[in-house]
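Input: a single structure, listed below in structure tokens.
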Amino acid sequence: MGVTFLRRIGALLTAFATLFLLRQPGYAISTHATCAILMDAESGRVLYEQNIHQPRLIASTTKLMTALVAVEQSDDLDREVTVKGEWLGSEGSSIYLTAGEKITLRGLLYGLMLQSGNDAAMVIACDVAGSEADFVALMNKKAAQLGMKNTSFANPSGLNHDDHYSTAYDMALLAQACLDNQEVAAICATKSITVGNRTFVNHNKLLHRYDGCVGMKTGYTEKAGRTLVSAATRNGQTLICVTLNDGNDWNDHTKLLDFGFDYYPRQVLCAPGESFGAVLVTGSLLPCVPATAAEEVGYPLGSGESLGMEVEMVDLAASPVAVGMPLGEAVWRLNGKPVARVPLVSAVYVGRDLRDPQNFWERLRGFFGREEIVQSGGRLI
């Protein structure tokens, strides 16, 4: 009886230990990649890392930056582009553009992202910026803005070059920016499309294999190896996965994404409009104004993790107070480090007291004594 009991206790402890280890990024999984990262898109929290700051060749995942810069620099993606002969001749993958051909910029972007056309990359660059060099300058400027500190671009297609490299972490930052851009995100998530007499089929097999996949870009050169940036959404949470030089990337991305969704699910920290208290108001019939969350905030938490929260608000607000006026901020911390925050704003309009001035206590007594509050256009004045 005693031996059986001890065996059961031992088995139970082993199970708990195994579960604990499975919930730690370093123990649950490994990849075939030289560099890999799994990041929560909303918060930027890194859920798995492997040589994430090591610069490497990135091949055609470069085209995420090409697409982002092109979209941000263009007012009309449906304008026609006339292909010039001097823009052609790029080596590698192609959508077989011809000199004098007319195609929309949007069509070129689909050819760039789905078919990975290097000729499309060059035509986009030259049309948008006037030359490849000027477009590459825009790419590097954008990389700096995104905080891609270990990245350098030398061309818009991802061809091997000594001055062309990035890291898994930097590419995850780029993926965040691409997901935030509706046009780029929609193109990355497209499985196939017909543009004129061309049909482009997305090379990203995860769009068909992984439930919730929303892109993003594949890449390969013999020197770089297989590179892949992917993203997937489940239960309101979006995860980004990047692998560099990974011969088994489809399976590795599947494992990494499953790991993130299973062990670091998104927790809703606050809902839009949720109250965090009130701020006193001067110069109004209303003595205070509610401070509410401007938006929903979520954060991925592992087993046993919890967040602390701090609220900072202004002491007084002078009327009139507009709806949405900033009143403070709520900050959540994990192990003392700020990891999420939300602006606190006025939930209602508070107008000025147009009668003879009163001190605060007189106005407060009047308010609770049901003094008349005039409503105008649905607003309190």
The condition from (1) modelled with pLDDT of 90 or more; (2) over 20 Å from Q267 (Cβ atoms) that P300 misses is numbered (2)
Residue list for segment 132-182, filter: within 16 Å of T66 (Cβ to Cβ), within 14 Å of the chain's Cα centre (by Cα) and of a type in the set (D, E): D170
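Quick check on my filter: what residues within segment 92-116 are of a type in the set (V, I, T) and either outside any loop (DSSP other than H, G, I, E, B) or open to solvent by 50 Å² or more (accessible area, probe 1.4 Å) (or both)?
Residues satisfying the conditions are T98, I103, T104.
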Being modelled with pLDDT of 95 or more and more than 18 Å from P156 (Cα to Cα) is true for just one of A99, A70. Which residue is that? A99
Find the residue count for segment 272-289, including only residues that are open to solvent by 50 Å² or more (accessible area, probe 1.4 Å) and either under 30 Å from the mean Cα position of the chain (by Cα) or in contact (Cβ under 8 Å) with a residue 12 or more places away in the chain (or both). 6
Check D127, D119, D134 and return the single one that is open to solvent by 20 Å² or more (accessible area, probe 1.4 Å) and over 22 Å from M171 (Cα atoms). D127
Within segment 35-48, can one find any residue that is open to solvent by less than 40 Å² (accessible area, probe 1.4 Å) and among the β-branched types (V, I, T)? yes
Report, by residue number, each residue of segment 148-186 that is within 20 Å of T221 (Cβ to Cβ), open to solvent by 10 Å² or more (accessible area, probe 1.4 Å) and among the charged types (D, E, K, R). D162, D163
Taking segment 294-320 and the residues there that are part of a loop (DSSP other than H, G, I, E, B) and among the charged types (D, E, K, R), the one that is most open to solvent (accessible area, probe 1.4 Å) would be D315
By residue number, the members of segment 149-181 that are hydrophobic (A, V, I, L, M, F, W, C) and closer than 19 Å to D134 by Cα are F153, A154, L159
For segment 345-363, name all the residues that are modelled with pLDDT of 90 or more and under 12 Å from P287 (Cα atoms). V350, G351
Restricting segment 187-224 to residues that are open to solvent by 20 Å² or more (accessible area, probe 1.4 Å) and among the polar types (S, T, N, Q), the residue that is modelled with the lowest pLDDT: N197
Please indicate, with yes or no, whether at least one residue in segment 25-36 is without any contact (Cβ under 8 Å) to a residue 12 or more places away in the chain and in contact with a Leu (Cβ under 7 Å, 6 or more places away or on another chain). yes
Scan of segment 225-271 for residues that are surrounded by 20 or more Cβ atoms within 10 Å (Cβ to Cβ), among the hydrophobic types (A, V, I, L, M, F, W, C) and closer than 21 Å to N202 by Cβ, ordered by number: L228, V229, A231, A232, L239, I240, C241, V242, L244, L256, L257
Got a sec? Which strands (runs of 3 or more DSSP E) wholly within segment 211-293 have at least 1 residues that are within 27 Å of L109 (Cβ to Cβ)? 213-221, 225-234, 237-244
Give V342, V331, V323 a once-over and let me know the one that is of a type in the set (A, V, I, L, M, F, W, C), open to solvent by 60 Å² or more (accessible area, probe 1.4 Å) and either at pLDDT 95 or above or not in a strand (DSSP E or B) (or both). V323
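The values are calculated or read from the model by the stated rules, or taken from the named source; none is laboratory data. All values derive from a computational prediction rather than experimental measurement. Note that we place each Cβ from the backbone using ideal geometry, even for glycine, and neighbour counts take in every protein chain shown. In case anyone asks, the SASA skips ligands and DNA or RNA and just uses the protein heavy atoms, side chains included. Shrake-Rupley method; radii C 1.70, N 1.55, O 1.52, S 1.80 Å.
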